[in-house]
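First the structure, in the form of structure tokens, and then the observations on it.
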Amino acid sequence: MNINRVILMVLDGVGIGAQPDANKYFQRGPEGKPVSDKSAATLQNLSRRVGGFDLPNLEKMGLGNIIDKIIETEGIANVEPRYTPLCFYGKALEASGAKDTVFLHWEMMGIISKGAALFPDGFPDEVIDAIINADYREETKKLGITPETCKCLTDDYHLKGIVKEANIPISGTDVIKLYHKSHAETGNLIVYTSADSVLQVAANEAILHPDLLNAICKKIREMLGSNTELGKKYGVARIISRPYIGNDPEHLERTSNRHDFPLTPPEQTLVDRLHESGILTIGIGKVASLFDNRGFSIVDEKGKDSNIELMGRTLLAMERYDTGLIFSNLLHFDQSYGHRRDVVGFYRALREVDAMLPIFLERTGENDLLIITADHGNDPTYVGSDHTREYVPLLVFNPIASGKLMNSQVPYECLSNLGTRTSEADIGQTIAEALLGTPCLQNGQSFYRQMKEALG
């Protein structure tokens, strides 16, 4: 099994059961009371809520094999284990001290982090004052915008203010519904956080052009960078612009013009190492932005309107590039359905992905690995609106390996089972060994050799 291309597709927010440390991570429950993540289980809980899944392709690949089902409620309803699954299968632990998208994508690429600052009471005045009083003259003039044409700016190119009541951990859909009227009337921006280390800025596209909102968020990232005094004092993992459209608070819609501004990875990642070795690294969707675009040869941010479009962009990259790492993130499980606790939408998205998987299997060549996993959970049946601390599923496909697994007389649990990986860094370490010939990352245990040995 000689590998020269890896397709890594992250189903953002598709967890597979609470981790042992889930009781240390919390959601905002009824009346603002904290509720731990200990009962979260995205796939299991969702499957029971919808009366059982219809995911024939994920079942064939081995999704039902991942869970050691002792009692019925522990499994994924209507997804059974296969005696001869198409894939190597397992699950991986979130080892980083945060359930944030940025840190867990870094973990996949070899960096295990302690996490970053959280803001359960909102951002302190020092941070808010710095945001309001920064000079946005350069950013506005580049876009041909002036205080006369922008309701959010003062005459001296500062922000008019923020909606003070919104400066709390809150759902992104709830915050614009509650505070759109104030934003529209005053021009004050909606600055808020969540249970993760994130500062989000929402604005209506009719009031603040999304390009200027992105420029403002980029400047906030610079102010809260890892090398600034403010950044060292209040380390925020990610700044996110959240443009939306609409006038009726009951019918507002967030748009795909959002942008993420994360901290720069503090160490080399697998993406950096591959890039330095002359191996193509292709980021699809928001992936590259999670690494501050560092180490990516090609960045394709198109197709962010739906998971189907993102899968289409991934297939297009597979057609164009026959070597390297193609790294994509299907963000809508998380952004559109998990945070909104939209059970129907989340399940519909799973079925859409399942329906497209045969195309991926067909186009995965004998020198390819197709790896399907997640970064964290986001249980749409759970309380709150934030990520849930969960194991992530792991399915690894190669057509030659699959043929041997299917024809083997040895029980699947002896050959295909990758077990419970102690960190998501095992994924990156495996890719490193496959593409670079050595497991060279600072964290993670490669399962590449285990796969080769299983095949003889």
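The values are calculated or read from the model by the stated rules, or taken from the named source; none is laboratory data. Values in this document were obtained by computation on a predicted structure and should not be read as measured data. Every residue, glycine as well, gets a Cβ built from its backbone with ideal geometry; the counts of neighbours run over all protein chains shown.
Set side by side, the residues Leu310, Leu316 differ, and just one is within 27 Å of Ala432 (Cα to Cα), of a type outside the set (D, E, K, R), touching a strand residue (DSSP E or B) at 6+ places or on another chain (Cβ under 9 Å) and surrounded by fewer than 16 Cβ atoms within 10 Å (Cβ to Cβ), which is Leu316. The set of residues in segment 174-194 being buried (at least 20 other Cβ atoms within 10 Å of the Cβ) and touching a Lys or Arg at 6+ places or on another chain (Cβ under 7 Å) consists of Asn188 alone. Report whether or not Asp155 is under 20 Å from Lys219 (Cα atoms) and surrounded by fewer than 17 Cβ atoms within 10 Å (Cβ to Cβ). Yes.
Does Asp129 meet the test of being acidic (Asp, Glu), part of a loop (DSSP other than H, G, I, E, B) and either buried (at least 18 other Cβ atoms within 10 Å of the Cβ) or not assigned by TED's automatic domain parsing to the domain that holds Gly29 (or both)? Working first, answer last.
Details: acidic (Asp, Glu): yes; part of a loop (DSSP other than H, G, I, E, B): no; either buried (at least 18 other Cβ atoms within 10 Å of the Cβ) or not assigned by TED's automatic domain parsing to the domain that holds Gly29 (or both): yes.
Judged against the criteria, Asp129 is not a match.
Under the condition of being part of a helix (DSSP H, G or I) and acidic (Asp, Glu), which residue from segment 322-352 is farthest from Leu270 (Cα to Cα)? Once the filter is applied, the top-ranked residue is Glu352. When residues in segment 279-299 are screened for being aromatic (Phe, Trp, Tyr) and closer than 9 Å to Phe327 by Cβ, 1 of them pass.
Checking Leu213, Leu208, Leu230 one by one, the residue that is closer than 21 Å to Gly115 by Cβ and either touching a helix residue (DSSP H, G or I) at 6+ places or on another chain (Cβ under 9 Å) or of a type outside the set (Asp, Glu) (or both) is Leu230 and no other. Considering only segment 443-456, state which residues are in a loop (DSSP other than H, G, I, E, B) and at pLDDT 95 or above. Within segment 443-456, Asn443, Gly444, Gln445, Ser446, Phe447 meet the criteria.
For segment 347-363, does any single residue satisfy the condition of being over 23 Å from Glu59 (Cα atoms) and surrounded by fewer than 20 Cβ atoms within 10 Å (Cβ to Cβ)? No, there is no match, as no residue in segment 347-363 is over 23 Å from Glu59 (Cα atoms) and surrounded by fewer than 20 Cβ atoms within 10 Å (Cβ to Cβ).
Given the options Glu276, Glu253, Glu267, name the one that is of a type in the set (D, E, K, R) and closer than 19 Å to Gly324 by Cβ. Step through it out loud before you land on a result.
Numbers: Glu253 fails: closer than 19 Å to Gly324 by Cβ; Glu267 fails: closer than 19 Å to Gly324 by Cβ.
Just one listed residue meets the conditions, Glu276.
Given the conditions (1) modelled with pLDDT of 95 or more; (2) surrounded by fewer than 24 Cβ atoms within 10 Å (Cβ to Cβ), report the number of the one that Tyr89 does not fulfil. Among (1) modelled with pLDDT of 95 or more; (2) surrounded by fewer than 24 Cβ atoms within 10 Å (Cβ to Cβ), the lone unmet condition for Tyr89 is (2).
Return the residue satisfying two criteria in turn: it lies in segment 181-198 and is more than 24 Å from Ser113 (Cα to Cα) and among the hydroxyl-bearing types (Ser, Thr, Tyr), and of such residues it is nearest to the chain's Cα centre (by Cα).
First, the residues of segment 181-198 that are more than 24 Å from Ser113 (Cα to Cα): 181-191.
Next, from what is left, pick out any that are among the hydroxyl-bearing types (Ser, Thr, Tyr): 182, 186.
Numbers: Ser182: 31, Thr186: 33 Å.
The selected residue is Ser182.
Please work out if Ile145 is more than 22 Å from Lys99 (Cβ to Cβ) and part of a helix (DSSP H, G or I). No, not satisfied.
For segment 1-70, please list each of the strands (runs of 3 or more DSSP E) lying entirely inside it that holds at least 3 residues being within 20 Å of the chain's Cα centre (by Cα). If you could, list the steps in order and put the result at the bottom.
Values: elements: 5-11, 26-28, 34-36.
Filter on segment 1-70 gives 5-11.
In the set Ile16, Ile67, only one residue is within 20 Å of Leu418 (Cβ to Cβ) and either surrounded by 22 or more Cβ atoms within 10 Å (Cβ to Cβ) or at pLDDT 95 or above (or both); that residue is Ile16.
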